[in-house]
Amino acid sequence: MEEKNVTCKAAVDQIADYIAGNQKEITQFLADFIAIPSVTYQEGAAVSFLADKMREFGYDEVRVDPVGNVLGRVGSGPITLLYDAHIDTVAPGDESEWGGFAPFGGEVKDGVIHGRGAVDDKGCLAGIAYAGKAIKALGLDKGFTLWVSGSISEEDVEGSCVEAMLKEMPDIKPAYVLVAESSEGRIVRGHKGRALLRITVPGKAAHASAAWRGDNALVKALPIMQRIHEYQAFEEDEFLGKGTIEVTHVNPKTPSLNTIPGEAVITCDRRISRSESIEELLQEARQFFADIPGVKADIDTEEVTTYTGYNIKCVDYFPSWVMPEEHPFIQAGIRAYEDSFGEAPTVGRWDFSTNATSLCGRQGIPAMGFGPGDGALCHSYNDSLPVADLLKAIRFYAALPLYVSKIIK
């Protein structure tokens, strides 16, 4: 073990020198990447850009799968790792709110790159892609196979496109997965899941001038929403904490503004801490309307089409996941961090949901999260990433496979 660790330590020094010597190229890579809009379901141009970059970086193989995800391979060793980061972003919103930065400008000021996707998630994706280049350039691509995935549509149906990717590419069988999302440089070993719960409240439409002829579904929905708002009886997970439920949308079915609605659909965001099943979530929901006849609850189902025309049916239920800190994969990450930076990492959780809901939560592949930048800036008008954070992350991404291949048995 000690002899192998010395080899890894020598390699992390090589990686550090290589990344420091290529700071300008790395910065330009991310700036160019941000300049290509890739709002969810419109990722095609950015996928082509990244595929070309992977080829330029000397990847052994590059693919774009039928779903529209782009994948690049480095190495052909016996242990397979998958690094995943999503290429899609939310919309830029009101450009006047960006503080003088163009949303797709990729501008660098005072060592910080600004633009939509800088922190969520093109910075992380550029980081794992460049780590593949570093591994290849330094001749460190032995003992493992590393696949780097630029996945699509995570912002809408997280997990669904990477799940489809692995079904469409059955020869890719990762033993371990790293999900690259902003983590403030922490190693992440879990996060809550989520479900979109729909509660349908029946009524009877009628003209507002003769409301007594109908049954106002929106009014009937009010006590249900109040009960949801006040509900706190969640069981607590010792690592993830308690679940939550919040009313996020109400859709009244009415043909006009002077018609009382004949139906109201309440949508709730339910954060899952203990991987509760769909039936458990529905059973929990029934207490909110047990005294109101005809009300029903279900989990929302979406049918989406990716930019390639690939159809995905997605049940909006995304389970939580937790990896024990003593798991060998997490321990390999801790060792890689310690040797790279001379200090112990912070190990924690994410408060948001990622593609790990499928990769680890559904498919059971051991997973880890890690990424540069401040997660509080995700989806904001200050979407930005310090270059120093990106360089540090690339060093970790490039080192991790060495520790996995040499330490994990």
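Read the figures in this text as sums done on the coordinates, not as results from a lab. Owing to the predicted nature of the structure, the values given are computational and were not obtained by experimental measurement. Cβ coordinates were reconstructed from backbone atoms using ideal geometry, including for glycine residues, and neighbour counts include every protein chain displayed.
Brief remarks follow.
- The distance between label points at residue 175 and residue 142 comes to 1.7 nm (points 7 Å beyond Cα on the Cα→Cβ vector).
- The gain in end-to-end length when the residue 338 to residue 258 segment is fully stretched comes to 22.3 nm, 0.36 nm per residue minus the alpha carbon separation.
- Against the chain, whose longest principal axis is taken from its Cα atoms, helix 387-407 shows a tilt of about 70°.
- Rounded Å value of the spacing that divides the Cα centres of the range 84-109 and the range 152-203: 23 Å
- Taking the Cα centre of the range 193-305 as reference, the dipole from Cβ charges on Lys and Arg (+1) and Asp and Glu (-1) amounts to some 640 debye.
- Rounded, prolate or oblate (a/c below 1.5 giving rounded, otherwise prolate when a/b exceeds b/c) for the range 18-143 by Cα gyration tensor: oblate
- Per residue, the average separation of C-alpha pairs within less than 8 Å and at least 6 apart gives the range 129-241 a relative contact order of 13 percent.
- Taking N as the residue count of the range 193-305, its C-alpha radius of gyration divided by 2.2 N^0.38 Å amounts to 1.19.
- Computed [θ] at 222 nm, deg cm²/dmol, the chain (DSSP H ≥ 4; -39,500 (n - 2.57); rounded to nearest 500): -10000 deg cm²/dmol
- Estimated from the Cβ-Cβ distance and a Förster radius of 30 angstrom, the FRET efficiency linking residue 246 and residue 311 is about 0.50.
- Contact order relative to length of the range 193-305, as percent, for alpha carbon pairs under 8 angstrom and 6 or more apart: 39 percent
- Simple point charges give the picture: +1 on the Cβ of Lys and Arg, -1 on the Cβ of Asp and Glu, and for the chain a dipole about the Cα centre of about 540 debye.
- Cα gyration tensor shape for the range 303-409, rounded if a/c is under 1.5, else prolate or oblate: oblate
- Anisotropy class assigned to the range 57-211 is oblate, per the alpha carbon gyration tensor with a/c at or over the 1.5 cut-off and a/b no larger than b/c.
- Whole-number percent relative contact order across the chain, with pairs defined as alpha carbons under 8 Å at least 6 apart: 25 percent
- Shown for the range 193-305: lysine pairs separated by 8 or more places, or found on different chains, whose C-alpha atoms are under 15 Å apart, numbering 4.
- A simple count of charges around residue 170, restricted to other residues whose Cβ falls under 14 Å of its Cβ and scoring Lys, Arg +1 and Asp, Glu -1, yields -1.
- Label zone at residue 325, where the point sits 7 Å out along the Cα-to-Cβ direction: the range 224-253 residues whose backbone N lies under 12 Å: 239
- Using every pair of distinct Cα positions in the chain, the Kirkwood expression returns a hydrodynamic radius of 22.6 angstrom.
- With K and R counted +1 and D and E -1, the other residues having a Cβ less than 12 Å from that of residue 261 yield a net charge of +1.
- The peptide list 284-290, 361-367, put in order of mean Cβ contacts within 10 Å with the highest first, becomes 361-367, 284-290.
- Which of 306, 320, 369, positive extreme of dipole for the range 263-409 (C-beta unit charges): 369
- Listed residues 31, 272, 123: farthest to the positive end of the dipole of the chain (Cβ charges): 272
- Computed from the Kirkwood radius of its Cα pairs, the Stokes-Einstein diffusion coefficient for the range 153-227 at 20 °C and 1.002 mPa s stands at 121 µm²/s.
- Reach of residue 133 by Cα under 21 Å, taken over lysines that are not fewer than 8 positions away in the same chain: 9, 24, 53, 122, 142, 392, 406
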